[in-house]
Amino acid sequence: MKTVLYDINTKTILSTHFNGYFVDGKKPTLPSNIVELTVIETEQPTYDITKNVEQTFTVDLEANTFAKSYTISDKTEEQIHADKLAQSSEITATQLKVQLALQGITDTQIYSVIDNLTNEEQKIKAKIGYVFGNTFKRDNTFVNLVSAAFGKTEKEIDDIFIAAKKIEIW
């Protein structure tokens, strides 16, 4: 039986015990503001990226119980997109290059954009970064420069990163 020691005044859990709280094998007398509550376990539900899961805790001092419960609700399209993007904010160079090729954007086109940069330092960084970089971050300056050159919206670039993250390279 799992229990918790709970401070009534501060409304905080002080400790968790898997066979009750004992000192030297005996139940001790607790201070008046501390109670031992039996934990009522609720199995954590299964869910996917389209759901919000809220965990709530309920203390019932009359029943001496501490219960954990879950509420599941649907995420909005914006929340789902934000979660996918957060998981895809950094991708490998290979994933990006494959995804760009699948969308008809070639290395030659990328090099042309880089060669047309007027700032020599940006041009050097972009060329070396594109050729030798191991990863690309969604918020990288180079990504923003290239996306602007191809007329891509923020959402389109997000979608490129999300799709690229799913690409498995053997």
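The values are calculated or read from the model by the stated rules, or taken from the named source; none is laboratory data. Bear in mind the structure is a predicted one, so any value in this text is a computation, not a measurement. Because the Cβ atoms are built from the backbone with ideal geometry, glycine has one as well, and the counts that use them run over all protein chains shown. For accessibility, only protein heavy atoms count, side chains too; no ligands or nucleic acids. Shrake-Rupley method; radii C 1.70, N 1.55, O 1.52, S 1.80 Å.
Please go through segment 60-72 and pick out each residue that is in a loop (DSSP other than H, G, I, E, B) and either among the aromatic types (Phe, Trp, Tyr) or without any contact (Cβ under 8 Å) to a residue 40 or more places away in the chain (or both).
GLU62, ALA63, ASN64
In segment 61-69, is there at least one residue being open to solvent by 50 Å² or more (accessible area, probe 1.4 Å), of a type in the set (Gly, Ala, Ser) and within 27 Å of the chain's Cα centre (by Cα)?
No, there is no match, as no residue in segment 61-69 is open to solvent by 50 Å² or more (accessible area, probe 1.4 Å), of a type in the set (Gly, Ala, Ser) and within 27 Å of the chain's Cα centre (by Cα).
For segment 47-60, which positions are open to solvent by 60 Å² or more (accessible area, probe 1.4 Å) and at pLDDT 90 or above?
If the condition is that a residue be open to solvent by 60 Å² or more (accessible area, probe 1.4 Å) and at pLDDT 90 or above, then LYS51, GLU54, GLN55, PHE57, THR58, ASP60 are the ones that fit.
Suppose we keep only residues that are at pLDDT 90 or above, in a helix (DSSP H, G or I) and touching a Phe, Trp or Tyr at 6+ places or on another chain (Cβ under 8 Å) within segment 73-98. Which one would you say is nearest to ILE167 (Cα to Cα)?
Ranking the candidates gives LEU96 first.
Checking the structure you have, find out if any residue of segment 18-25 is β-branched (Val, Ile, Thr), surrounded by fewer than 10 Cβ atoms within 10 Å (Cβ to Cβ) and in a loop (DSSP other than H, G, I, E, B).
Looking through segment 18-25, none of the residues is β-branched (Val, Ile, Thr), surrounded by fewer than 10 Cβ atoms within 10 Å (Cβ to Cβ) and in a loop (DSSP other than H, G, I, E, B).
Tell me, please, whether a residue that is more than 23 Å from the chain's Cα centre (by Cα) and farther than 30 Å from VAL53 by Cα can be found in segment 78-98.
yes
Can you tell me how many residues in segment 99-156 are part of a strand (DSSP E or B) and either in contact with a Ser or Thr (Cβ under 6 Å, 6 or more places away or on another chain) or open to solvent by 60 Å² or more (accessible area, probe 1.4 Å) (or both)?
2
Has segment 35-42 got at least one residue that is open to solvent by 70 Å² or more (accessible area, probe 1.4 Å) and closer than 30 Å to LEU85 by Cα?
no
Looking for whichever is basic (Lys, Arg) and over 26 Å from LEU14 (Cβ atoms) here; the options are LYS51, LYS68. Which one fits?
Criteria check complete, one pass: LYS51.
Would you be able to tell me the number of residues in segment 5-59 that are free of Cβ contacts under 8 Å to residues at least 40 places away in the same chain and either farther than 30 Å from ASP74 by Cβ or more than 35 Å from the chain's Cα centre (by Cα) (or both)?
The number of residues fulfilling the criteria is 30.
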